[in-house]
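Student: Structure incoming, see below.
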Amino acid sequence: MHHVSFYRKSSCIAWFLAVTNVFFGPLVISLSFFYATILPSPFTGQMTDLIFAERELVQSLKEYIEAEELKLEAVKSWANKLDMLTHASTSDPEGFLAHPVNAYKLMKRLNTEWSELESLVLQDPSDGFISNMSVHRQNFPDEEDEKGAAKALMRLQDTYKLDSESFSKGKLPGVRYNAQLTVDDCFDMGKLAYNENDYYHSVLWMQQALRQMDSGEDAKTPKADILDYLSYSVYQMGDLSRAIELTRRLVAIDPSHQRAEGNLRYFERLLSKELRDLGRSQQEPADERPIQLDTYERPKDYLPEREVYEALCRGEGVKMTSKRRSRLLCRYQDGNRNPRLLLKPMKEEDEWDSPHIVRFLEALSDEEIKKIKELAKPKLARATVRDPNTGVLTVAHYRVSKSAWLEEEDDPVIARVNQRIEDVTGLSVNTAELLQVANYGVGGQYEPHYDFSRKDEPDAFKSLGTGNRVATFLNYMSDVEAGGATVFPDFGAAFWPRKGTAVFWYNLFKSGEGDYRTRHAACPVLVGSKWVSNKWIHERGQEFRRPCGLTEED
């Protein structure tokens, strides 16, 4: 990588004048002295120096011009590349952002690379560019956004068991746009994981960066840096033999590396101790196979059903048997002869038998979906969950989406949708929460959770004064190319988004007791953009519509 120094015009002129003053200031005195005393030698010498000084000035001027031209060429190259990219992205924004690598690289470009371009242009200030940057910077993603996008890729990697190369080469199902990660991108991913003490993902991404570099791909990142991070991350994963082999590679290409020699000696001492403890005198050869997803075990986390949940997201472990399927029916739902449904009853399909979960077809029209999105987009903010202790809405790491709440006063379409939900479910929506619209982009998810409040959360909905969440009505407002299923780990069900349909289930038994089987999750979106709107229906107002049962699980 060649680094070109650029000069401000004002600095060059000042420097030129300074040099001119040094050489030409004394020259006037010398000329006067020459004419007065006719001593040619000093004058001839000074004039010769001036000749060479002028030559150096011309050379400096050429270098300055060349630097300006190189800078302009660099800016032109950026503009041409981004022109093609933005032409593709703006022609189909949602489709373009459906590819998670495109979403990550957009975050990275706006947070990092555009700032680098700004620094380049600032070396010769451009008022138009800087003013535009100032206007738009307030809408740019920040470092946390870039970090979030990187973590989303890792989340997808884990959930759908995709190796780093699948992302790096854009080998994802259902993608319409080609997007690849460079060596530097992979290195940045690994470094972010490393800084979070996530050595499992650091190994995967540093290994991919090294693999691409070894295949001949150019990069700004030195190979020594990749080996440095990779060797230590591998050590943290407990693989001393491979850590030693990688550190030796590091020492071979950079003998003066400040940490490599010390790390190598330390790793070798640890390995010797391990061998002595095992009663062996010689270590086995380091595993030369490339590091894959299953080379090291992913550390356990806070979610007990993580493996079941992620398997369901991949479509594995779904407990839909032929016997269960035979019990699932479809019907026309007229809402107990509701006048609004008599002429056009709702198509209803059973999705699961126990607990009973149904899907309504044609629950929303394309025009209604378009309008709901239009109303929600200006209001979208990071989705929140209700704190079980305080009842206050707060953001949570296990729910990654943007959401908005819509009232009937916002538009007649919201009132119409609310009324339709009441008609087909037979439940009152007068005490329901507002219609919540959520958008799950790259890696967007909502990990396993209950919609209702448990006995240890008595104040979760106290401020609403409408009782617990008796039922959930979930509208799917988009198809999703890959991922994004709604899964129920307890009984092994998975339902995929189908635009215009809605799924409905009860969270509480008729007794008012919570149905703990309804713990569910929104799987990460792998490719696409998932739009949903949901209505949480509460207990108050349902006393005669869904009377209490005689037993706890009635």
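Student: Using the Karplus curve 6.51 cos²θ - 1.76 cosθ + 1.60 with θ = phi - 60°, work out ³J(HN,Hα) for each residue of the range 149-158 in order, rounded to whole Hz, and write x for Gly and Pro.
Tutor: With coefficients 6.51, -1.76 and 1.60, one gets 5, 5, 5, 5, 4, 5, 4, 5, 4, 6 Hz.
Student: Another question, if that's okay. With each pseudo-label sitting 7 Å past Cα toward Cβ, what's the GLU268-SER119 distance in nm, one decimal?
Tutor: Those two pseudo-labels are separated by 3.8 nm.
Student: What shape does the range 294-383 have by the C-alpha gyration tensor, where a ≥ b ≥ c are the square roots of the eigenvalues, rounded means a/c under 1.5, and otherwise prolate means a/b greater than b/c and oblate the rest?
Tutor: oblate
Student: What is the spin-label model distance, in nm, from LEU328 to LEU343 if the labels are put 7 Å beyond Cα along the C-beta direction?
Tutor: The two pseudo-label positions are separated by 3.3 nm.
Student: Which percent of the accessible area of the range 143-278 is formed by carbon and sulfur heavy atoms (probe 1.4 angstrom)?
Tutor: Accessible surface attributable to carbon and sulfur in the range 143-278 totals 44 percent.
Student: Would you please give the FRET efficiency between SER134 and LEU550, computed as 1/(1 + (r/R0)^6) with r the Cβ-Cβ distance and R0 = 56 Å, to the nearest 0.05?
Tutor: Calculated value: 0.25.
Student: Also, quick follow-up: Using per-residue counts of other Cβ atoms within 10 Å, averaged over each peptide, order 322-328, 109-115, 431-437, 514-520 from highest down.
Tutor: By packing density, highest mean first, the sequence is 431-437, 514-520, 109-115, 322-328.
Student: Which order do the peptides 488-495, 97-104, 541-548, 372-379 take when ranked by the mean count of other beta-carbon atoms within 10 Å per residue, highest first? Kindly include the intermediate steps, with their values, before the conclusion.
Tutor: On the way: 488-495: 19.9, 97-104: 23.8, 541-548: 13.2, 372-379: 15.6.
Descending packing order for the listed peptides: 97-104, 488-495, 372-379, 541-548.
Student: Suppose R0 equals 35 Å. What FRET efficiency, 1/(1 + (r/R0)^6) with r the Cβ-Cβ distance, do ALA88 and ASP294 give to the nearest 0.05?
Tutor: 0.50
Student: Rank-order 477-486, 156-165, 176-185 by packing density, defined as the average count of other C-beta atoms within 10 Å over each peptide's residues, highest first.
Tutor: Final packing ranking: 477-486, 156-165, 176-185.
Student: Return one whole number: the accessible area per residue of the range 143-278 in Å², for a 1.4 Å probe.
Tutor: Details: 6220 Å² over 136 residues.
I get 46 Å² per residue for this part.
Student: Of the accessible area of the range 305-538, with the probe set at 1.4 angstrom, what percent is carbon plus sulfur? Walk me through the numbers on the way to the answer.
Tutor: Numbers: 4940 of 9930 Å².
In the range 305-538, the share of accessible area belonging to carbon and sulfur is 50 percent.
Student: May I pose another question? Once amide H atoms are built 1.01 Å from N in the peptide plane, which residues 5 or more positions from GLU351, or in another chain, come under 5 Å H to H?
Tutor: Here ILE357, VAL358, ARG359 satisfy the definition.
Student: Further question on the same structure: Give me the 1.4 Å probe accessible area per residue for the range 305-538, excluding ligands and nucleic acids, in Å².
Tutor: About 42 Å² of surface per residue is accessible.
The values are calculated or read from the model by the stated rules, or taken from the named source; none is laboratory data. Everything numeric here is computed off the predicted structure, so don't read it as measured data. When we count neighbours, we look across all protein chains shown, and the Cβ atoms used for this are built from the backbone with ideal geometry, even at glycine. When the accessible area is computed, the model is the full protein with side chains, heavy atoms only, and any ligands, DNA or RNA have been set aside. Shrake-Rupley method; radii C 1.70, N 1.55, O 1.52, S 1.80 Å.
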